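S.K.: Provided herewith is a single structure, encoded as structure tokens, for subsequent inquiry.
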Amino acid sequence: MAECIFCMIANKEIPSKIVYEDDQIICFHDLEPQAPVHVLIIPKKHISSLDDITGEDQELLGHIMLKVKDIAKELGLENGYRLVNNCGEDGFQTVKHLHFHLLGKRKMTWPPG
Ligand code: AMP
Ligand code: ZN
């Protein structure tokens with residue numbers, strides 16, 4: 001999608017600090033980190049939100065989930081981490097391209113505000 005900022009990152013049209021990449025996904029540092037480690041994991045395919053996935057995306061979503069622990073290990077998050085997806089208006093999703101926040105290296109609070 002031409003005007004989507006995360007598609008532009010996936011296509012290397014704008015720079016990002018890439019942590020991991022393969023043919024299906026890319027992981028890069030968040031511009032405004034909310035924790036000492038804060039990266040975003042996104043599919044290269046444009047999907048607007050978690051609410052927009054279909055059966056066709058089953059393998060892709062499984063691939064993302066299976067990569068989380070590898071990326072976490074690479075980033076030194078052996079003490080744990082939080083994986084977050086914000087979906088839609090009430091979920092406070094600001095970028096309309098599916099992404100998972102991977103946060104670590106600080107104690108998280110629960111429940112969120
Ligand atoms: P969300 O509120 O869940 O949609 O999260 C969007 C995230 O994308 C925010 O944490 C932003 O800081 C981050 N973000 C926006 N633009 C960029 C960018 N160009 N590079 C890296 N992170 C970005
Ligand atoms: Zn996109």
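S.K.: Filter the stretch 46-59 down to residues that are open to solvent by 30 Å² or more (accessible area, probe 1.4 Å) and outside any loop (DSSP other than H, G, I, E, B) and give me whichever is nearest to residue 23 (Cα to Cα).
M.R.: So in the stretch 46-59, the residues open to solvent by 30 Å² or more (accessible area, probe 1.4 Å) come out as 46, 48, 50-56, 58-59.
With outside any loop (DSSP other than H, G, I, E, B) added as a condition, the list becomes 50-52, 55-56, 58-59.
Values: 50: 20, 51: 23, 52: 21, 55: 19, 56: 16, 58: 16, 59: 13 Å.
Per the criteria, the residue is 59.
S.K.: Does the stretch 37-51 contain any residue that is free of Cβ contacts under 8 Å to residues at least 40 places away in the same chain and away from ligand 2 (no atom under 16 Å from the Cβ)? Walk me through how you get there before you give the answer.
M.R.: First, the residues of the stretch 37-51 that are free of Cβ contacts under 8 Å to residues at least 40 places away in the same chain: 44-45, 51.
Still in the running and away from ligand 2 (no atom under 16 Å from the Cβ): none.
No - not one qualifying residue is present in the stretch 37-51.
S.K.: Write out, first by first residue and then by second, each pair whose Cβ atoms fall under 9 Å of each other, whose residues are 6+ apart or on separate chains, and whose first residue, in the stretch 86-109, is assigned to a loop (DSSP other than H, G, I, E, B) while the second is basic (Lys, Arg).
M.R.: 98/45; 108/82
S.K.: Out of the residues in the stretch 29-45 that are within 15 Å of residue 76 (Cα to Cα) and assigned to a strand (DSSP E or B), which is nearest to the chain's Cα centre (by Cα)? Let's see the steps before the verdict.
M.R.: At the first step, the residues of the stretch 29-45 found to be within 15 Å of residue 76 (Cα to Cα) are 29, 35-39.
Those left that are additionally assigned to a strand (DSSP E or B): 29, 37-39.
Values: 29: 9, 37: 13, 38: 9, 39: 7 Å.
This residue is 39.
S.K.: Sticking with this one: On the given criteria, is residue 62 more than 10 Å from ligand 1 (Cβ to nearest atom), loosely packed, with under 13 Cβ neighbours inside 10 Å and of a type outside the set (Asp, Glu)? Give the steps one after another, and end with the answer.
M.R.: Details: more than 10 Å from ligand 1 (Cβ to nearest atom): yes; loosely packed, with under 13 Cβ neighbours inside 10 Å: yes; of a type outside the set (Asp, Glu): yes.
Spelling it out, residue 62 is indeed more than 10 Å from ligand 1 (Cβ to nearest atom), loosely packed, with under 13 Cβ neighbours inside 10 Å and of a type outside the set (Asp, Glu).
S.K.: Also, quick follow-up: I need the full set of residues from the stretch 1-22 which are within 20 Å of residue 94 (Cα to Cα), open to solvent by less than 60 Å² (accessible area, probe 1.4 Å) and in a loop (DSSP other than H, G, I, E, B), in order please.
M.R.: 4, 14, 16
S.K.: Right, something else. Hey, could you check the stretch 68-85 for residues that are among the basic types (Lys, Arg) and in a helix (DSSP H, G or I) and say which is nearest to ligand 2 (Cβ to nearest atom)? Before the answer, list the steps.
M.R.: Applying the first criterion (among the basic types (Lys, Arg)) to the stretch 68-85 yields 69, 73, 82.
Those still in the list that are in a helix (DSSP H, G or I) too: 69, 73.
Values: 69: 25, 73: 27 Å.
Taking the candidates together, the pick is 69.
The values are calculated or read from the model by the stated rules, or taken from the named source; none is laboratory data. Not measured: the values here are computed from a predicted model. When we count neighbours, we look across all protein chains shown, and the Cβ atoms used for this are built from the backbone with ideal geometry, even at glycine. In case anyone asks, the SASA skips ligands and DNA or RNA and just uses the protein heavy atoms, side chains included. Shrake-Rupley method; radii C 1.70, N 1.55, O 1.52, S 1.80 Å.
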